[in-house]
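First up is the structure itself, then whatever we jot down about it.
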Amino acid sequence: QVQLVESGGGLVQAGGSLRLSCAASGLTLRWFAMAWFRQAPGKEREFVAAMSRSGGSTNYADSVKGRFTISRVNAKNTVYLQMNSLKPEDTAVYYCAAAELSGVRDGIHEYDYWGQGTQVTVSS
């Protein structure tokens, strides 16, 4: 049974940093493209960042470029999202997702497995 478990969310002031983790079980992470999405209240879930199986390719939403960094340690079956210079508009539930596909994938419907989400709240 595949499970993705996010952690690391919380309350932070604007300008601060958080690092989210996504621990995967029931799958071999090196075969999966990974991504982070987020959903703010009243809004649709949106793409944040994605990384290819090997970690050699990444893609970011324009709104987070230069502030967020996605990384992965396949040996630990874990994916990370380092978030710096946080803004109130980054407030959302952040979800980790996995797709047994090659390349970098930013389409929500391309992902087969999802975590339960972790809340990130940025105060002004």
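The values are calculated or read from the model by the stated rules, or taken from the named source; none is laboratory data. Fair warning: this is a prediction, and the values are worked out from it, not measured in the lab. Methodologically, a virtual Cβ is constructed for each residue, glycine included, from the backbone with ideal geometry; neighbour enumeration extends over all protein chains shown. For accessibility, only protein heavy atoms count, side chains too; no ligands or nucleic acids. Shrake-Rupley method; radii C 1.70, N 1.55, O 1.52, S 1.80 Å.
Here the chain is assigned +1 on the Cβ of each Lys and Arg and -1 on the Cβ of each Asp and Glu. Its dipole about the Cα centre then comes out at about 340 debye. Within the accessible surface of the range 1-89, defined with a 1.4 Å probe on protein heavy atoms only, the carbon and sulfur portion equals 45 percent. Using a probe of 1.4 Å, the accessible surface attributed to T78 totals some 20 Å² when neighbouring protein chains are kept in position. Reducing the range 46-62 and the range 26-44 to their Cα centroids gives an inter-centroid distance of 10 Å. Computed over protein heavy atoms with a 1.4 Å probe, the accessible surface of the chain works out to 50 Å² per residue. Taking every protein chain into account, the 1.4 Å probe leaves T28 with about 60 Å² of accessible area, to the nearest ten. Using a 1.4 angstrom probe and counting only protein chains, how large is the accessible area of W114 in Å², to 10? Around 80 Å² of this residue is reachable by solvent.
In the frame of its principal axes, the chain has Cα extents of 40, 27, 26 Å, reported largest first. A straight chain from N84 to D112 at 0.36 nm per residue would run longer than the Cα-Cα distance by 7.3 nm.
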